[in-house]
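Okay, structure first, notes after.
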Amino acid sequence: MTADPVLRDRFFKKYHGAEIQNCIQCGTCSGSCPLAEHMDFGPRQLFAMVREGDMSAALHANTMWLCVSCYHCMVKCPRGISITDHMYSLKKMAVEEGVKAPKMLHLYLSFNAPVEKHGRLTDVAAMAGFGLRHPLAALGNMGLGMKLAAKNRLEFKPRTVSNIAGFKKVMEKAKELERLS
Ligand code: SF4
Ligand code: SF4
């Protein structure tokens, strides 16, 4: 492990992550996380790494990308730590630090593109966006896509929400708040 206290302190200050120093390593978060078995490290271990300054390992973990914001961990944490919020911060920091984007980020971006344009998801546009970035993964899901299409469960044609101008204003505001955060 190579400790990077400067980056760790940036997480504490810029990303309001200092409260993870209150973590007592009880493991309740990892034990209650529905995705823990797929994560490189559960939230408990991830926070231990950050506290130790092992930022490279922490920022390269898939943990925060697999977090589905279910808040199970947060409501159960005996120290009231905002675990889910820290997952968002670690994602943001990983992007800012230029860590190679994982597939999950590309899935988010592919999902987001049609939503930003039309105010709602168009399944095929999202799948195509992801497929362009990860053709092999997309091919692997082809069978599932065909089954969904056969059952009429795939939306091919974009449908735009009625107040798209209002929706875009909301998106702009969200981006502005993100820039300020
Ligand atoms: S539940 Fe809270 S105190 Fe316990 S390990 Fe997780 S973050 Fe730390
Ligand atoms: S909010 Fe994220 S880290 Fe916490 S339990 Fe849910 S998936 Fe796991």
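Taking the simple approach of a point 7 Å from Cα along Cα-to-Cβ for both VAL68 and LEU109, what is their distance in nm?
With each label point 7 Å from Cα toward Cβ, the separation is 2.4 nm.
Could you give the alpha-carbon Rg of the range 91-146 over 2.2 N^0.38 Å, rounded to two decimals?
Computed over Cα atoms of the range 91-146, the ratio equals 1.23.
Return the Rg/Rh value of the chain, two decimal places, where both radii are evaluated on C-alpha atoms and Rh is the Kirkwood radius.
Here Rg/Rh amounts to 1.02.
For the chain, find the longest principal axis of its Cα atoms and tell me its angle to the long axis of helix 123-133, 0 to 90°, nearest 10.
Approximately 60 degrees, to the nearest 10.
Taking the Cα of GLN21, stepping 7 Å toward and past its beta carbon, and measuring to each backbone N in the range 42-71: which are under 13 Å?
Zone members listed by number: 51-53.
How high is the FRET efficiency from GLU155 to ASP85, r the C-beta distance, R0 35 Å, rounded to 0.05?
After rounding, the FRET efficiency stands at 0.65.
Stretch MET171-ALA137 to full length: gain in nm at 0.36 nm per residue minus the Cα-Cα span?
9.3 nm
Counting Lys and Arg as +1 and Asp and Glu as -1, each charge on the Cβ, what is the dipole of the range 134-181 about the Cα centre in debye, to the nearest 20?
180 debye
Taking the chain as a whole, which cysteines find no other cysteine Cβ under 4.7 angstrom from their Cβ?
CYS23, CYS26, CYS33, CYS67, CYS70, CYS77
Laboratory data are not the source of any read-out in this text; all were calculated from the coordinates shown. Quantities reported herein were computed from a predicted structural model and do not represent experimental measurements. Here the Cβ is made from the backbone with ideal geometry for all residues, glycine too, and neighbour counts use every protein chain on show.
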